[in-house]
Each structure stands twice: as C-alpha cells, then as structure tokens.
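Everything below concerns the one structure shown next.
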Amino acid sequence: MNTSAGSVPGTEQPVGRSTANKVGIAISALIGAFLAFDAVAKLLDFPQMKAGAEALGFPAYQSLVIGIVLAVCVVVYAIPRTAVLGALGITAYLGGAVTANMRVEAPLLTHTLFAVLFGVIMWIGLVLRRPELLKVAGLTGGGATVR
C-alpha cells in the first residue's frame, strides 16, 4: 500500500487528498459555479442584468462586456494550473463591484461588503487547495524568496 508524503514511518495511509484540500476544492467549485451562472446570465443578455448595470450607472450594453470579462476570469480560475491568475482577475472584478456599489451608495452589508466576503472565501478555498500560497504571501515561515 502506498503511503502519503510526509507520513510517519510505519503508519500507512492511502495516497489521496487531505480534508483541507477537499474542502478547498468544494469552496472553489461553489464560487466558480456562482460566478459562471452570473457570467452566463450577462452573456445571454438577461433583462435583469441590463437593469442591474443601469442601476449601478453603467449603460445597459456594458453588461455584455462585463459578462465576457467575468467569463474569461472564471475559465482561467477553473484550470488548476492558472487558478491563481484567475483568482487575481476575479479579485479585480470584485473590487470593481465594490466601487460601483459604493458610488451609488448601495447598502453596505448586503451589497458592498458581499463582494469583499465573496473574494475572501474564494481565496480561502484556493489556499486550502494550494497551501504554498501562504508562503508566497509571507503569511507562514520563510516567505517567498526571489532568485
């Protein structure tokens, strides 16, 4: 039977994903599904999406452009090798959502901070999948080294 990397000698465990990794994958899948639904609704030009864009002060046609940007970010986020790049794009997208909601003085807790919380949860899922990201961010011992 195979043992997982870093296991104590003599304690054989099947090779597989840790619980944290599985939770991270589940979080990432939920985040991705929510954002994909949002992007598809914008791409299909649903009237509610146009109304939402107009309520934030954008011309209705920009809902399609926003949908394209979001769809590209979600696809990049869904690919494990490029997930961090996708998460950066989604973070920028959510930052725009926060700014747009602040500009129209939308309710803080239900509208503006929702995007912040959503982004934090997205990054938690990504870090659970790829704990080495904490080192890159300097949040665990050692930090990143530039060579």
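We did not get these values from a lab; they are worked out from the coordinates using the rules stated. As the structure is a computational prediction, the values presented were derived from the model and not from experiment. Cβ sites come from the backbone with ideal geometry, for glycine too, and all protein chains shown count toward neighbours.
Counting every other Cβ atom within 10 Å of each residue's Cβ, D45, D38 order from fewest to most as D45, D38.
Residue order for F46, F37, fewest other beta carbons within 10 angstrom first, comes to F37, F46.
The largest-to-smallest principal axis extents of the Cα set in region 19-129 are 43, 28, 19 Å. Taking 7 Å steps out from each Cα toward its Cβ at A51 and K135 produces label points 5.1 nm apart.
For region 19-129, a crude dipole built from +1 on the beta carbon of Lys and Arg and -1 on the beta carbon of Asp and Glu, taken about the Cα centre, is about 340 debye to the nearest 20. For K50, the lysines whose Cα falls under 17 Å of its own Cα, not counting residues fewer than eight places away in the same chain, are K42. Here the relative contact order of region 19-129, from alpha carbon pairs under 8 Å that lie six or more residues apart, stands at 36 percent.
Remark: region 123-134, residue by residue, has Karplus-estimated 3J(HN,Hα) of 5, 4, x, 5, 5, 5, 6, 9, x, 5, 4, 5 Hz, where x stands for each Gly or Pro and the curve is 6.51 cos²θ - 1.76 cosθ + 1.60 at θ = phi - 60°. Take the Cα of F58, step 7 Å toward its Cβ, do the same at I121, and the gap between the two points is 2.1 nm.
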